[in-house]
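First comes the structure, then the notes that go with it.
The values are calculated or read from the model by the stated rules, or taken from the named source; none is laboratory data. Note that the coordinates shown come from a computational prediction; the quantities given were computed from them, not determined experimentally. A quick note on method: Cβ atoms are made from the backbone with ideal geometry, for glycine too, and the neighbour counts reach across all protein chains shown. In case anyone asks, the SASA skips ligands and DNA or RNA and just uses the protein heavy atoms, side chains included. Shrake-Rupley method; radii C 1.70, N 1.55, O 1.52, S 1.80 Å.
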Amino acid sequence: MAARPALPGQRAARSERPGRSAVTVGAAARRPCTLVVCRGCCCGVARKHPGFDHAWQLDRLRAAAAASDGAFEIRTTDCLGPCDQANVIVVQPSAAGRRAGGRATWIGFALDDDCTEEILTWAAAGGPGVAAPPATLELQFIRPPGRGRATRGRR
């Protein structure tokens, strides 16, 4: 089966299935790498990690995104779930990174300047699917909630 041609405003993209192509629509074709910063019940609060300047971290991330000329952006969100691994930052791939096979990468224990700088360096280089993460940052990769855990339910 032949792939459908892209419509105006769409761009044909490589599919993960050989012989098939996907169509990326509008703004999704240009989506930059995105850092999703947890600022829920445990992340970003001095009560849990009193020795870390949480406001500085968020200011640093936002300033770097503003200076990146659109290479990446910052979003904050309520609790992402793994509170025992706070502070949590999720690095979402850009559209190009996703087409290259990149997937969201969860980083836990993002509690020092070196970690913050490594995340920024990786995001500026393109993030998941485009650039390899720093080796020391890989040590802080965590599983997203609900992955690899037994689930209970009615059968």
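Any residue that is touching an Asp or Glu at 6+ places or on another chain (Cβ under 9 Å) and open to solvent by less than 50 Å² (accessible area, probe 1.4 Å) - is there at least one of those in segment 46-57? Yes, segment 46-57 contains a residue that is touching an Asp or Glu at 6+ places or on another chain (Cβ under 9 Å) and open to solvent by less than 50 Å² (accessible area, probe 1.4 Å).
In this structure, residue 105 does not qualify as within 18 Å of residue 61 (Cα to Cα), open to solvent by 40 Å² or more (accessible area, probe 1.4 Å) and within 15 Å of the chain's Cα centre (by Cα). Residue count for segment 58-72 under the criterion of being closer than 18 Å to residue 127 by Cα and open to solvent by 30 Å² or more (accessible area, probe 1.4 Å): the result is 8.
For segment 73-94, residues that are modelled with pLDDT of 95 or more, crowded, with 16+ Cβ neighbours inside 10 Å and not in a loop (DSSP other than H, G, I, E, B) total 6.
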